[in-house]
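Written out below as structure tokens is the structure these notes cover.
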Amino acid sequence: MPTQFRRYELLLPTNFNDGSTVPQKLLGQTLRELRKHFGSISAETQQIEGQWEYRGKLHRDLNVRLFVDVPDTAENRQFFIDFKERLKERFQQIDIWLTSYLVEVI
């Protein structure tokens, strides 16, 4: 098993930009897709509060964090680039915060 992994972290909103609640089934669908593709997924159950400005308007979010540790390959990076675009549509967001960093599994 390779020991060099990359962690991809996603902050997913619990509310759409209009303030209405994101249905749990959309979060569940996202978890299932990542688990099916990579074999595992982790999620934090507490909500993470975020504030950001876009075009002079303040947005406040309550988010959940998902993370997946995968082999550090160009194919996996491209998967997440494409997946982010699908999530922006699914969650009706201007943007989805997606970060990655190297992880060494010992």
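Filter region 19-48 down to the residues that are free of Cβ contacts under 8 Å to residues at least 60 places away in the same chain and under 16 Å from R60 (Cβ atoms) and list them by number.
G19, S20, T21, Q47, I48
Yes/no matrix, rows are residues, columns are (1) out of contact with any helix residue (DSSP H, G or I) (no Cβ under 9 Å at 6 or more places or on another chain); (2) modelled with pLDDT of 95 or more; (3) on the phi > 0 side of the Ramachandran plot; (4) among the small types (G, A, S):
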position	(1), (2), (3), (4)
G56	yes, no, yes, yes
R60	yes, no, no, no
V70	no, yes, no, no
F79	no, yes, no, no
K84	yes, yes, no, no
E89	yes, yes, no, no
Y101	yes, yes, no, no
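Just checking, which of L58, L62, L27 is within 17 Å of R86 (Cα to Cα) and among the hydrophobic types (A, V, I, L, M, F, W, C)?
L27
Within the set of pairs 6+ apart or on separate chains, which have a first residue in region 50-62 that is in contact (Cβ under 8 Å) with a residue 40 or more places away in the chain, a second that is among the hydrophobic types (A, V, I, L, M, F, W, C), and C-beta atoms under 6 Å apart?
Correct list of pairs: Y54/I94; H59/W52.
Taking region 54-75, which residues are more than 14 Å from D18 (Cα to Cα) and acidic (D, E)?
If the condition is that a residue be more than 14 Å from D18 (Cα to Cα) and acidic (D, E), then D69, D72, E75 are the ones that fit.
How many residues are surrounded by fewer than 10 Cβ atoms within 10 Å (Cβ to Cβ) and either over 13 Å from D69 (Cβ atoms) or among the hydroxyl-bearing types (S, T, Y) (or both) if we restrict to region 1-11?
The total comes to 1.
The values are calculated or read from the model by the stated rules, or taken from the named source; none is laboratory data. Remember, it's a predicted structure, so these values are computed and weren't measured experimentally. Note: ideal-geometry Cβ built from the backbone for every residue, glycine included; neighbour counts use all protein chains shown.
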